[in-house]
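J.: Take a look at the following structure, please.
Read-outs throughout are calculated quantities, based only on the coordinates presented, and are distinct from any laboratory measurement. If you're wondering where the values come from, they're calculated on a predicted model, not measured in any experiment. All Cβ positions, even for glycine, are placed from backbone atoms using ideal geometry, and neighbour counts span all protein chains on display.
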Amino acid sequence: MIISRRTLLQGTASAALVTSFGARAQSAEFVYKYANNLPVTHPMNLRAKEAADKIKQETNGRVEIQIFPNNQLGSDTDMLSQVRSGGVEFFTLSPLILSTLVPNASISGIGFAFPNYDAVWKAMDGELGAYVRGEIEKANLVVMDKIWDNGFRQITSSNRAIQTPEDLKGFKIRVPVSPLWTSMFTAFGSAPASINFAEVYPALQTGVVDGQENPLAIISTAKLYEVQKHVSMTNHMWDGFWFLANRRAWNRLPADLQAIVAKNLNEAAVAERADVAKLNAGLKDDLTAKGMVFNDPDPAPFREALRKAGFYAEWKKKYGDEAWSILEKAVGSNLS
């Protein structure tokens, strides 16, 4: 599968995928729903559809995964409740939002921790990822081995470029429903508002908030360029998606089917990572053409502002020494 910016934005492809995502299974032994919050054209949904097709084929039609993108089944918090209760069988969620249930899941999102993707995958495919998966399993959820990529997050604004930490003072910014995001932007002196992703566009359109932060692929697929002017390439945190399963539903699958499902979902995650990296590298030109103005702040003053505000010390205490030492093994001790 080759994913390009044209694929990402193509309306006809969207319509075709929506149709296939909504198709009902006729004879599958296990018909499971997979819900997520991203537009149908995002690489996560394209790769998930590819994986679902392979799973159906490799299980000889015994397992059919129906995909419900774009908050069709509710907000992130709604869908997290549904995957816990079994209302949906699969769900992908940011570890930072998952932290409302699994507090230490958000450690991978500590502000300005990862300098690049090499550091991210070394940590998340290594000891840090294994630690977080262990914490998720304690919450009675099943989690796949490979985390999917959302990307490094950037700050957008309707009224000013964010060039220094001082530019964030008093800034009304939408953040996801997660304590870590609220804590970080509060440390900068901003006015963070926790808003589910389904409500971000209208919140920006009506001026409830002045800005938000997301990877470029989401800024593009969610058409936030229609209601935002500036993109500050802060890379202030990396974010991904853990692929979660309801434990009872997972245990209903025989071991051979579990192996097929897990193999294909993990392979799709790795393929999606490459898609997102490629898209985020190329979307700057597309978003500039749509009227957005980019700037590239130096991350060092932002990291220092968080250190002075006690942000890192506070979260080291919350996560505990074990988790923090695993993080620092991956990214160094420049956060203390």
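J.: Just want the ordering: D145, D256, from fewest to most Cβ atoms lying within 10 Å of their own Cβ.
T.: By the 10 Å Cβ count, ascending: D256, D145.
J.: Determine the distance separating the Cα centre of region 151-196 from the Cα centre of region 54-114; give it in Å without decimals.
T.: The distance from the Cα centre of region 151-196 to that of region 54-114 comes to 24 Å.
J.: Taking H as built 1.01 Å from N, whose amide H comes closer than 5 Å to the amide H of N37, not counting residues under 5 places away?
T.: For N37, the qualifying residues are N70, N71.
J.: In terms of modelled amide H atoms, which long-range or inter-chain residues lie less than 5 Å from the amide H of S194?
T.: When sequence neighbours closer than 5 places are left aside, the close amide H contacts are V175.
J.: Report the one residue of L265, L224, N214 whose Cα lies farthest in the direction of the positive end of the charge dipole of the chain (charges on C-beta: Lys and Arg +1, Asp and Glu -1; origin at the Cα centre).
T.: Of the listed residues, the answer is L224.
J.: What's the FRET efficiency of S85 with E127 using the Cβ-Cβ distance as r and R₀ = 30 Å, to the nearest 0.05?
T.: Calculated transfer efficiency: 0.40.
J.: By how many nm would the segment from E58 to S333 lengthen if fully extended, with 0.36 nm per residue of separation less the alpha-carbon distance?
T.: Full extension of this stretch gives 94.5 nm more.
J.: Quote to one decimal, in nm, the extra length available between K263 and K317 on full extension: 0.36 nm per residue of separation minus the C-alpha distance between them.
T.: Gain in length upon complete extension: 15.8 nm.
J.: How many nm is it between the label spots at N140 and S325, if each spot is 7 Å from the Cα in line with the beta carbon?
T.: Here the answer is 3.2 nm between the modelled labels.
J.: Then there's this: Evaluate E = 1/(1 + (r/R0)^6) for V293 and Q205, where r is the Cβ-Cβ distance and R0 equals 22 Å; express this FRET efficiency to the nearest 0.05.
T.: 0.70
J.: Sticking with this one: Would you mind working out the magnitude of the charge dipole of the chain relative to its Cα centre, with +1 at each Lys and Arg C-beta and -1 at each Asp and Glu C-beta, to the nearest 20 Debye?
T.: So the dipole magnitude of the chain works out to roughly 340 debye.
J.: Follow-up question, since we're still on this one. Under the classification rounded if a/c is under 1.5, otherwise prolate if a/b is larger than b/c and oblate if not, where does region 205-336 fall, given a ≥ b ≥ c as square roots of the Cα gyration tensor eigenvalues?
T.: Oblate is the answer for region 205-336, as a/c is 1.5 or above yet b/c matches or exceeds a/b.
J.: Between E304 and T182, what is the label-point separation in nm under the 7 Å Cα-to-beta-carbon projection?
T.: 3.0
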